[in-house]
Amino acid sequence: MVRFLIFLILLFALSGCTQKSEEGIRTEIYSAGTNYFGSMQKSVDEMDQSPSKGVVSNSDHFKEVCTKKFDYSKLSKKETKFIDSVGDLRIAYEHVVDSRNPKYKGSFNEEAALSEFNSLSQKFINNYKVDK
């Protein structure tokens, strides 16, 4: 009986470590990714010309969660697709802020970059039930 109770306690403790969101993604990955997305969206709305401190901080946290906390090679397809979606958003985000930066004048079309970012943002919001 004692062994069974210990087993149950360990089972509950371990299930908390791998808790998943509604979308079937580990809560920590989902949270880090959506926070990162939110900071990129805020930066775009604020017309930043280079990545804000919030974006850089959330980028570092997202990378740490995805590579150091969890073994990327052992993540589910849903999780890797989510991570790839955040990566696509990051690339589009960089194009937007670079298009606004006078240092890169003429290298990026701001309207096209913003359109791509907004399109990817909407897909991300719809696919992962993210609040705007």
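Rule-based calculations on the coordinates, nothing more; no lab input. Given the structure is predicted, the values throughout are model-derived calculations rather than measurements. For neighbour counting, all protein chains shown are included, and Cβ atoms are generated from backbone atoms with ideal geometry for every residue, glycine included.
Dipole size in debye (nearest 20) for region 50-89 around its Cα centre, Lys and Arg Cβ +1, Asp and Glu Cβ -1?
That gives a dipole near 120 debye.
Between SER73 and GLN122, with labels modelled 7 Å along Cα→Cβ, what's the label distance in nm to one decimal, could you check?
Here the modelled spin labels are 4.0 nm apart.
Show the residues, 5+ positions off or on another chain, whose built amide H is closer than 5 Å to the amide H of ARG26.
When sequence neighbours closer than 5 places are left aside, the close amide H contacts are SER21.
How much length would be gained if the chain were fully extended between ALA112 and LYS53, taking 0.36 nm per residue of separation minus their Cα-Cα distance, in nm to one decimal?
18.8 nm
Show me, for region 62-79, the HN-Hα J-couplings you get by feeding each phi into the Karplus relation (A = 6.51, B = -1.76, C = 1.60, θ = phi - 60°), rounded to Hz, glycine and proline as x.
Those phi angles translate into 4, 4, 5, 5, 6, 10, 9, 7, 10, 7, 3, 5, 10, 7, 6, 4, 4, 5 Hz.
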